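The values are calculated or read from the model by the stated rules, or taken from the named source; none is laboratory data. Everything numeric here is computed off the predicted structure, so don't read it as measured data. Cβ sites come from the backbone with ideal geometry, for glycine too, and all protein chains shown count toward neighbours.
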Amino acid sequence: MSDHSDHGFAHPQSITTLLTVFAALVFLTIVTVVQASFHLGNWEIWIALFIASLKAALVLYFFMHLGHEKPFNILVFFSTLFFLALFLGGTLSDRNAYRNQLEPDIDEPYRSEAPAEAAETAAAME
Amino acid sequence: MANTALQADPSHDDAGHHDDHEHHENLAHHFDTYEQQFDAGKLGIWVFLVTEVLFFGGLFCAYALYRNLRPDVFAGSSEFLNTKLGAINTGVLLFSSLTMAWGVRCAQLRQHKMLAGMLAATLSCAAIFLGVKAIEYSHKWSMGLLPAGLYTYDPANPHPAGGPNYLLWICAPFAIGLLFVVGWLIIAKIKKDEFKVRVLMPLTVVFACFFVGVQLGTILESGGEGEHAAGDDHHVVAGADGHAEHGDDHAEGRADEHLEDLDQPNNLAIEKADLAGLEVLAQDQSNPGARDTLEALKRQEAVASGSVLQGDQRPVESPTEKRVTATPKQAGVFFSIYYCMTGVHAIHILAGMGVMIWLLVRATRAEFNENYFGPIDYVGLYWHLVDLIWIYLFPLLYLIGK
Amino acid sequence: MFDGLFLRGSHLLADTAHHLWFPEQASTYAAESDGTYSMILWISLAFFIPLAILMVYFPIKYYQRKGGKATSRVTHHNVLEVTWTIVPCIFLVIMFVRGSWGYLDMATPPEGAKQVDLTAFKWGWSMNYGKGAIHPELHVVLNQPTKVVMRSTDVLHSFFIPAFRLKQDVVPGRYITAWFQATTPTPKVSQEEYEAALAAHEESGDEVWDYDRYQMTPDGYRYFDLFCAEYCGRDHSAMQSYVVVHETQESWDEWIRKISSRGETPLAEYGEKLYQLRNCIGCHSNEPNNILVGPTFHNLYGYERQMADGETVLADEQYIRESILDPKAKVVMGFQPQMPSFKGQLSDDDIASLIAYMKTLSDRGETASEAALDDDAAAADDADAAAAQPVEAIAN
Amino acid sequence: MTTGAATAPGGVRDAGFVSDNENYLKNSSGVLSWMFTLDHKRIGIMYLVGILTSFLGGGLLAMVIRYHLMAPGGATTISNDAYNQLFTLHGAIMVFLFIIPSIPAALGNFLVPVMLGAKDVAFPRLNLSSFYLWVGGAIFFVGALLMNGLDTGWTFYTPYSTSTDTSVVMATFGAFILGFSSIFTGLNFIVTINTMRPPGMTWFRMPLFLWATYATSIIQVLATPVLGITLLLLIAENVMHIGIFDPEFNGDPVTYQHFFWFYSHPAVYIMILPAFGIISELISVHSHKGIFGYRFIAYSSIALALLSFLVWGHHMFTSGMSSVTVVIFSALTFTVSVPSAIKVFNWVATMYKGAISLTTPMCYALAFLFLFTIGGLTGLFLGTISTDLHLHDTYFVVAHFHYVMMGGTVVSFVGGLFHWWPKMTGKMFNEAGGRISALIVFVGFNLTFLPQFLLGNQGMPRRYATYDPEFQWLHQLSSIGAFTLGIGLLVAGLVLLHSLYAGRQAPANPWGGATLEWHCTSPPPFYNFKHAPVVGDPYEFANVHYDEATDNYVFTELPRTLVPEEPVKTPTPAGGQS
């Protein structure tokens, strides 16, 4: 491997591949910008994320040459997605489960008002 | 069970840091082969990228939490972000990724000059990106579109006069850097220091590119002035925490704004708009908070309108009421997340630039070859990851609710 | 040695009333919780005791001098290892199911539970029983489900009644509900004992009633402790309240009547009571030179106050009223804007009472409004005058 | 120092001592040679000095706390504010500065490459920078202490941490930096163990300490970044109120707790997993018998590392999570107790029919087994929801985690320190003194923390500067225990210090271990192995014999040839050098 004539453990990528990938990425960027101008409601974010993930996959596979990577390194990188999902999933699902307990006027400075007491006082006055 | 022993290179038996360099350039003493060294570095950088993804994961989690809670506020506040600038920056970063990937190829093929060029191109793109970001940031800061605690944006007066010139402050370090590099370049030229000239020339371009980015941002931002006016209408949306309707047409937006102004003194319109939703919530027995708040709001409203007199037969006006109204904190949370995400990303860009300048110096020295291109490859992976994160940030922040 | 202690402890477990191991079981939930506890304890001991014996036995039995050789070369035993992996799993499932069962019973309050609104703040508790009855002690009725709707005005607190085995954090920005059903009453003490305590209290000259010393509330009830279990700053450890379980609804009603109105009590005297009950005393002393979190009430009324923004304000009725309702509007120099608003928690009469009390603490109080002290109506007029001030001026 | 290798009978190599210029402690001298060293052993020693200093500081704070709690109203004149700072600093110093780096960074740095048969860790510069980041973090902590102190508790819960006027920003920035230090250490070990194993060192020939370190590193790399962003957001919250954690600006404190515990629960395993590794070594070496169920222990380390990410919610049963989440987290929590139980059973089984020497390290290992078992079992009460509602945030929790963290990690750390002390310093310590210290520590520890279980049962909340009088006698018992414990650790420290100038020269293998570090000299040479060690089964004691003349264990009757059968691959320089 210390021989100069071959590239050893290096795998140079062809210029064509690089340029094609770049073109695809720019194209997808345009797609996502155009897509944003349509109002698609709840689907919008998922479509945007899907396109972003396509782009991410291109970058990962070609630019980051994950395709030629050792299996262990691929495992390492994809394990991160698993733990990220764990973290996001746990936190988000819990937050959604208790969101009906949030004070509706959470936007207001919470110290300034005591709705429960105010209501009680009001009841007492009447 | 094959029994093998740790192979021992006799030259390593004598303790010493220095003797290796003469023998195998760029092979650290504790590695046996170039390939082992490369593999170690490669695994190291991948593990590092894992930490980076999880680091940003916290920010994405915060984003998801609050967007989930207040989608309307996020859509409304996102109107303040200029899609054109975001899209340009996306393109610039994608291009820098291309040049970086190309750079790795150059290193593997011993194309030293081309490698330096690719690194310089990547650096320049990074500088342009930061230049555009400088325009975006300074524009928002001067409008008071800041994190929740500092949020001072006033829909009635979106561009307050006075205040510091933020753009100048952001540009200052880059201007100083540019002057420094140019000065050094001139000295090097005079001294005929060939190597320094070859390093400093591209660096001059890089620093200059920051100002290209600033210029580009300025053009796009002012070119979008018409759009920006429309954006102003949406300020109301953000200012009123997404309760008001989106004003698509200019006049209607203005009208909203005036309504907003009129309401300022006792400002119960917002609560009124919310009451309907609150009533639904309040019917749920498990939600005493909503019920109590509803009662409290109704009570407040009644007291303020003077229709109900309190125990001592006189309306008691609460001195706190003014502060209760229409705090723009929800919009502030959007901008908190925006600044945290893009800010941390920008710090990564800066860090990447720092490392790439070091690579540029080494590339100019022609240090890399097919056995030793690790540093270029590792930094490249890092750079692609930074790009990758932007690929997600762009639609999540700029494109929602457009 | 801990064997001994553990065993001694589990003996005591038989006698649940014994306070060494657990506090009294005073709610429906406590029995469930303690039952689960002792189940886990027995399972744990069943594992721990054999292990502990082996841990002592092996080193003694297999002790060898230096250079000795092991008499066995067993490196693994799959059946054994799988067994001791599976067996604990079974016990763990039992623990999980029983623990969650008990918890899910606790999670939803039953229909028709009596509601108490609780506000936690640094560093005290305020229970709102409705109709203006607000008191730091928690009073409930025996065998009646009680729902506590909790909110915090500042930082995290935690509502913890050991006797009920109940704990729930109070999170600012959220309403959190907990419920319980008390099963053990805390009776009123005998009249002689109560009078003795009152006399002792009189004698001690303490401002505050010493619950621990007399083992009864100022109204003569026994009580359970209520702690704050989530760290909340300086006086976290002093953030305690007391739970009284009335045997009958009538007894509870009577107590509510007693606390909810001033009745015939003079303004200043009632103000002093409020000063303690509503925990003003936690942050404002009534002595000269004793500065707590907030300014002392001594010589406050009628004096010029220097504000944080440099402004000077005369501490009159209007100023005090505003400071109670909107504490952050004017902050005295040298203090943090920490005080929560008492808007909606104190009636006008309460505020007038507090002002009257402050007047008694100030050497300028008498001269400023002698008439007010003589006549309740006049005092109310003062309060009215304060309230009538234009709001804009105050808010800015 | 004796020079020249003392060749032991039986044709064993490297049994003796190394010359000064080979000894890693002496091959270069001067402060700078230490400060800029890239040698993992020296970095390990620097870490050791640093963390022991932190331990001393945190320990003294604990003594003050326990003294204060002798009386219900406080036995000292310390104010409530000062008390809050004391327990916060005790916790923060012990967690961030001491216990997280203790075993991985100090012992791990020294041992991982040696046990693996490598010359150094994969990234020596990163290793050094990790140490200096630790120093930087420590400086920020001391800075916070000198400025306004810190009174948030080590968990920095919002909104208290965003409203207190103590130096939260400075301390959290310190913790942020320490996080990087921890990540770098973990990253280095992962890469070292993956790519630098010499030929013959297969995964299942690795000593269990390496398995434990590897599992720890996985957690460090995966969990610490989340702490990093959490602390960064907390700093931003303090500086400009971004409204993510602070309810006054729309934030949610429970979200902070999710963020925080996503790191900090796995961090508990950063603290305890390496301790498991040490105990596996200690029990096996001092019983002179192969570890029982090697694979189960190895797999359970990895299982613990992964499961630790699923259970963070059990710190939050009472904090306002939804009840569904509470039940799910409770179920997941019970899963982590299985691998821990397996380990305890295996350790006890390892002693069966062994040849047990009651050396100081073994005494500590036995103490660990007792204390950790209690710590683990009391965890069941906290994982079960209905009992946790009563015990959460009481002294029961305090006692539980001290049994695990102190009775587990610290006791095994001290045991490990005694075990490898001869290897690290080349000096033997006083055995009698060491055993006495183990006894005092064991007695003092139980006296300190058993009463705290009772306090917790009775409902005594933690972090109380003052308490109700009925708790007093248990608190006094606990304080007396704490002082005993302090004395025990002091004795241990003195025994070790005494050995430095009065200890006799340590042989290469004083205990009879079979892992690679016992093949090299004491202390090891700069490149760890003067000659290549033979990689065999790390728990094969059949060929380790005691040699009374040198008080050393020697490797005899090696079942394998010393010289590798295959030709050695030598690193060839890359062709014609440019």
If only one of D:L86, D:L56, D:L69 is surrounded by fewer than 23 Cβ atoms within 10 Å (Cβ to Cβ), of a type in the set (A, V, I, L, M, F, W, C) and more than 19 Å from the chain's Cα centre (by Cα), which one is it?
-> D:L86
Among the residues of region C:299-315, count how many are surrounded by fewer than 18 Cβ atoms within 10 Å (Cβ to Cβ) and either in contact with a helix residue (DSSP H, G or I) (Cβ under 6 Å, 6 or more places away or on another chain) or in a loop (DSSP other than H, G, I, E, B) (or both).
-> 7
Checking C:L314 against (1) farther than 30 Å from C:I259 by Cα; (2) aliphatic (A, V, I, L, M); (3) at pLDDT below 55, which single condition isn't satisfied?
-> (3)
Would you pick out the residues in region B:61-76 that are surrounded by fewer than 21 Cβ atoms within 10 Å (Cβ to Cβ) and either at pLDDT 90 or above or facing chain D (nearest Cβ under 7 Å) (or both)?
-> B:A64
All-but-one check, D:A275 against (1) more than 30 Å from C:R174 (Cβ to Cβ); (2) within 14 Å of chain C (Cβ to nearest Cβ); (3) of a type outside the set (V, I, T), failing number (2)
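Residues checked against (1) touching a Leu at 6+ places or on another chain (Cβ under 9 Å); (2) of a type outside the set (A, V, I, L, M, F, W, C); (3) assigned by TED's automatic domain parsing to the domain that holds C:V293:
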{"position": "C:H135", "(1), (2), (3)": "yes, yes, no"}
{"position": "C:V140", "(1), (2), (3)": "no, no, no"}
{"position": "C:K147", "(1), (2), (3)": "no, yes, no"}
{"position": "C:F159", "(1), (2), (3)": "yes, no, no"}
Note on C:D210: of the conditions (1) closer than 18 Å to C:L277 by Cα; (2) more than 18 Å from the chain's Cα centre (by Cα), unmet is (2)
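Residues are listed down the side, and each one gets a yes or a no for (1) out of contact with any strand residue (DSSP E or B) (no Cβ under 9 Å at 6 or more places or on another chain); (2) closer than 24 Å to C:L45 by Cα; (3) hydrophobic (A, V, I, L, M, F, W, C):
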site	(1), (2), (3)
D:T384	yes, yes, no
D:V398	yes, yes, yes
D:H402	yes, yes, no
D:M406	yes, yes, yes
D:F413	yes, no, yes
D:G416	yes, no, no
D:T425	yes, no, no
Look through region D:176-206, keep the residues that are among the β-branched types (V, I, T) and touching a Gly at 6+ places or on another chain (Cβ under 7 Å), and return whichever of them is farthest from the other protein chains (Cβ to nearest Cβ).
-> D:I177
Does C:F58 count as closer than 26 Å to C:T36 by Cβ and assigned to a helix (DSSP H, G or I)?
-> no
Six or more apart or on different chains, Cβ under 6 Å: which pairs go from a residue in region D:109-127 that's over 17 Å from D:Y24 (Cα atoms) to one that's of a type in the set (S, T, Y)? Could you list them?
-> D:A122/D:T192
Restricting to helices (runs of 4 or more DSSP H) lying wholly in region C:189-290: which have 3 or more residues that are exposed (fewer than 13 other Cβ atoms within 10 Å of the Cβ)?
-> C:191-204, C:249-260
Quick one: which strands (runs of 3 or more DSSP E) lie wholly within region C:102-182 and hold at least 2 residues that are more than 10 Å from chain D (Cβ to nearest Cβ)?
-> C:114-121, C:124-128, C:138-141, C:145-152, C:176-181
Taking the residues in region B:105-139 that are within 14 Å of another protein chain (Cβ to nearest Cβ) and among the charged types (D, E, K, R) as candidates, determine which candidate is surrounded by the most Cβ atoms within 10 Å (Cβ to Cβ).
-> B:R105
Inside region D:460-476, can you point out the residues that are touching an Asp or Glu at 6+ places or on another chain (Cβ under 7 Å) and either of a type in the set (F, W, Y) or at pLDDT below 90 (or both)?
-> D:D468, D:P469
Considering only region D:455-487, state which residues are within 9 Å of another protein chain (Cβ to nearest Cβ) and either buried (at least 24 other Cβ atoms within 10 Å of the Cβ) or part of a loop (DSSP other than H, G, I, E, B) (or both).
-> D:N457, D:G459, D:M460, D:P461, D:R462, D:R463, D:Y464, D:A465, D:T466, D:Y467, D:D468
Only one of (1) closer than 18 Å to B:Q215 by Cα; (2) buried (at least 24 other Cβ atoms within 10 Å of the Cβ); (3) without any contact (Cβ under 8 Å) to a residue 40 or more places away in the chain is not met by B:G91, so which one is it?
-> (2)
Of the residues D:I279, D:I272, which single one is among the β-branched types (V, I, T) and either more than 31 Å from the chain's Cα centre (by Cα) or within 21 Å of D:A223 (Cβ to Cβ) (or both)?
-> D:I272
For region D:323-349, which residues satisfy the criterion of being polar (S, T, N, Q), more than 9 Å from chain C (Cβ to nearest Cβ) and out of contact with any Asp or Glu (no Cβ under 7 Å at 6 or more places or on another chain)?
-> D:S340
Listing of helices (runs of 4 or more DSSP H) fully contained in region B:320-402 that carry 3 or more residues being at pLDDT 90 or above and over 25 Å from the mean Cα position of the chain (by Cα) = B:329-364
